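See below for the structure under consideration.
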Amino acid sequence: MALRASHNAPVSTLSISVARLAEGEHHYTFTAGTSDIGLGAEFQGPITVDVDLSRQGRQFYLDAAFSTNARFVCDRCLDEFSHVIDGTYSMLYVPEGTLADGDGNEEGQEIQEIPADAQLIHLDDDVRQFVLLSVPGKLLCRDECRGLCPVCGKNRNHFDCACTETIRDTRWDALKKLNKK
Ligand SMILES: [Zn+2]
Ligand SMILES: [Zn+2]
């Protein structure tokens, strides 16, 4: 068997080598497939991540800005639509043993511990989580989406149906039946 220096397989798609990083500010631009960082099929890569990393001794301060595209199903009309998902986050990396409980969030600042002799800072998990946090709670193809007609079921963004919009409140049906008796 040939003897070769073995390199560990990369555990992260987005990672920054910090072993011999000089003090001060550094800039990185990453492009990766969204599935490579564990995002679901609704995210249609690539994702771009712009990173400013500044080193002060054993501490690293990171500013990241990400942008990608997703296809969602509208909550109101059930049409698919494309949506840009973008956002920013910052992270302070400190050597292991600095924080009482291993990781923290002090005064709104996200903090993570990394090994004192860390070779790499891995971004996959954080980017994935901040992307997911940027997904709107209500998924609408447009703010003024007119939704589906409750009578005929047509998409009112595309069709003008002639249905009269009296939406029956079925909660009273039982009572009406009783009254007829
Ligand atoms: Zn819609
Ligand atoms: Zn209708």
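Shown is the FRET efficiency for Arg20 and Leu132, computed with R0 = 30 Å from the Cβ-Cβ distance and rounded to the nearest 0.05: 0.35.
Altogether, the Stokes-Einstein calculation at 4 °C and 1.567 mPa s, with the Kirkwood radius of the range 9-101 over Cα pairs as Rh, returns a diffusion coefficient of 84 µm²/s. Here Phe159 and Val73 are evaluated by their C-beta separation; at R0 = 25 Å the FRET efficiency comes out at 0.85. Under the simplified labelling scheme, the Thr48-Gln119 pair shows an inter-label distance of 3.1 nm, with each label point 7 Å from Cα along Cα→Cβ. With the alpha-carbon atoms of the range 47-123 aligned to their principal axes, the span from lowest to highest coordinate is 52, 24, 20 Å, starting with the largest.
Backbone geometry of the range 35-42 corresponds, through the Karplus equation with coefficients 6.51, -1.76 and 1.60 at θ = phi - 60°, to 3J(HN,Hα) couplings of 5, 5, 10, x, 8, x, 5, 5 Hz, x marking Gly and Pro.
Values in this text are rule-based calculations from the coordinates and carry no lab data. Remember, predicted model here, so these are calculated numbers, not experimental data. Neighbour counts run over all protein chains shown; Cβ positions are idealised from the backbone, glycine included.
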